[in-house]
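Undergrad: Structure incoming, see below.
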Amino acid sequence: MIIKVDFGGRVDKLLADALPQYSRAAIHKLFGMDLIKLDGVVVKPGHKVREGAIIEADLSPLQQEQQVEILPILFEDKDVVVIDKPTGIISHSRGRYWYEPSVASFLRFHIYGPSTENGEPTLHSGTDRAGIIHRLDRATSGVMICAKNEETTKFLQKQFADRKVQKTYIAILEKTPDKLEAIIDAPIERNPKKPSQFRVGPNGKVAQTHYRVLKTSDSGRCLVEFTPKTGRTHQLRVHAVYIGCPILGDSFYGTEGERLFLHANKLTVLTATGDHVTYESPLPKEFENALT
């Protein structure tokens with residue numbers, strides 16, 4: 001990477017400011033590997049750089065994602081790997097320079113091992129999202145189906161695009177809805193005041209969620225089954241807030257808890273042989289404790 005210096009200063013501080021996605025410790029490792037150069041000459045962290053100088057930084061060691069060595073596998077054959085994703089793990093890298101484990105990096109590691117002959121772990125399409133058919137939010141746990149080849153990727157992607165896949169989630173709500181079973185039909189749009197969030201709004205895309213209360217508690221919380229009819233970003237979380245019964249632990253939308261109590265419980269897809277198969281992830285133990 002070539003970085004032009006807009007103002008003078010120590011080279012390590014200038015790099016840290018220019019590359020906020022990396023820790024200072026990670027950047028210092030590059031100096032130790034002689035991968036930071038000024039005008040073709042290796043420099044040390046404390047080297048003073050003048051305004052307008054050009055820094056050459058070889059970021060390749062940082063661009064190799066850390067691997068999630070083990071993720072629970074619910075099912076695997078020659079075409080798919082079905083993962084029981086823990087909460088806290090992202091589905092795929094957020095960008096080329098993000099250095100964080102993901103389901104995608106685990107998938108590459110699981111299929112090909114630590115590296116290929118050229119030193120770069122890759123899957124069939126060679127992208128950081130290869131094999132990822134759908135995604136779960138970082139905070140959401142549960143079943144994810146991943147493809148091991150290009151043909152299966154296209155086959156499954158079409159099912160998701162055509163809404164032929166049946167998804168079932170289990171959640172704990174802060175309050176019990178007035179209706180114990182209903183369909184929430186409310187369009188979802190990006191919140192212009194907080195662009196990273198979504199909300200129900202008249203300019204949004206069609207979003208429909210069926211819910212059914214499975215169990216209530218004396219605390220007022222309830223265990224609910226969600227069956228989304230559409231697949232909008234944060235759909236279940238936004239619809240829960242919309243009916244006044246937010247999901248427990250959804251700090252992004254204003255509630256508290258030890259985790260987001262939203263779990264992808266079941267996923268039903270069509271196989272290449274024409275059969276429907278359901279993959280199921282058991283409900284985490286903490287759900288039972290949080291309901292009391």
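Each reported figure results from applying straightforward, stated rules to the coordinates on display, with no laboratory input. All values derive from a computational prediction rather than experimental measurement. Every residue, glycine as well, gets a Cβ built from its backbone with ideal geometry; the counts of neighbours run over all protein chains shown.
Undergrad: Report the trypsin sites (Lys or Arg not before Pro) located in the range 25-62 that are in a DSSP loop and have at most 14 other Cβ atoms inside 10 Å of their Cβ, or state none. Intermediate results must be reported in sequence, preceding the final value.
TA: Numbers: sites: 29, 37, 48, 50; in loops: 50.
Sparse-neighbourhood loop trypsin sites (Lys or Arg not before Pro): 50.
Undergrad: Can I ask one more? Summing -39500 (n - 2.57) over the DSSP H runs of n ≥ 4 in the chain and dividing by its residue number, what mean residue ellipticity at 222 nm do you reach, to the nearest 500 deg cm²/dmol? Walk me through the numbers before you get to the answer.
TA: Working: 7 runs with 58 residues, N = 292.
Per the formula, -5500 deg cm²/dmol.
Undergrad: Between residue 216 and residues 5 or more places away or on another chain, which pairs have amide H atoms under 5 Å apart, with H built 1.01 Å from N, and which residues are they?
TA: Here the answer is 223, since their amide H atoms fall under 5 Å of that of residue 216.
Undergrad: Turning to a different aspect of this structure: So if R0 is 45 Å, what FRET efficiency would residue 10 and residue 229 give, r being the distance between their Cβ atoms, rounded to the nearest 0.05?
TA: On the way: r = 56 Å, r/R0 = 1.23.
That pair, residue 10 with residue 229, gives E of 0.20.
Undergrad: To check my understanding: the extent here is largest minus smallest coordinate of the Cα atoms along each principal axis. What are those three numbers for the chain, in Å, largest first?
TA: 69, 45, 38
Undergrad: Any idea how far apart residue 181 and residue 75 come out in nm if each label point goes 7 Å out from Cα toward Cβ?
TA: A separation of 2.6 nm, rounded to one decimal place.
Undergrad: Also, I was wondering about something else. Of 85/194; 194/229; 167/194; 194/215; 37/194, which pairs sit farther than 31 Å apart, going by alpha carbon to alpha carbon?
TA: Numbers: 85/194 28 Å; 194/229 26 Å; 167/194 28 Å; 194/215 34 Å; 37/194 40 Å.
Correct reply: 194/215; 37/194.
Undergrad: Turning to a different aspect of this structure: In nm, what is the difference between 0.36 nm times the number of residues separating residue 216 and residue 25 and their Cα-Cα distance? Don't jump to the answer; show the numbers that get you there.
TA: Numbers: separation 191, 0.36 × 191 = 68.76 nm, distance 4.83 nm.
Extending this stretch completely gives an extra 63.9 nm.
Undergrad: What residues of the range 154-179 lie in the reach of a label at residue 278, counting those whose backbone N is under 17 Å from a point 7 Å from the Cα along Cα→Cβ?
TA: Answer for the range 154-179: 164-171.
Undergrad: What is the calculated FRET efficiency for residue 159 to residue 47, with r their C-beta to C-beta distance and R₀ = 41 Å, to the nearest 0.05? Display every interim value, and only then the final one.
TA: Working: r = 55 Å, r/R0 = 1.34.
Step by step, r from the Cβ atoms, then E = 0.15.
Undergrad: Still on this structure, please answer the following. Using a cut-off of 19 Å between alpha-carbon atoms, which lysines can reach residue 44, once sequence neighbours fewer than 8 places away in the same chain are excluded?
TA: 4, 13, 29
Undergrad: Do you know the relative contact order of the chain, to the nearest whole percent, from alpha carbon pairs under 8 angstrom that are 6+ apart? Walk me through the numbers on the way to the answer.
TA: On the way: 602 pairs, mean separation 41.0, N = 292.
Computed over the chain, the figure is 14 percent.
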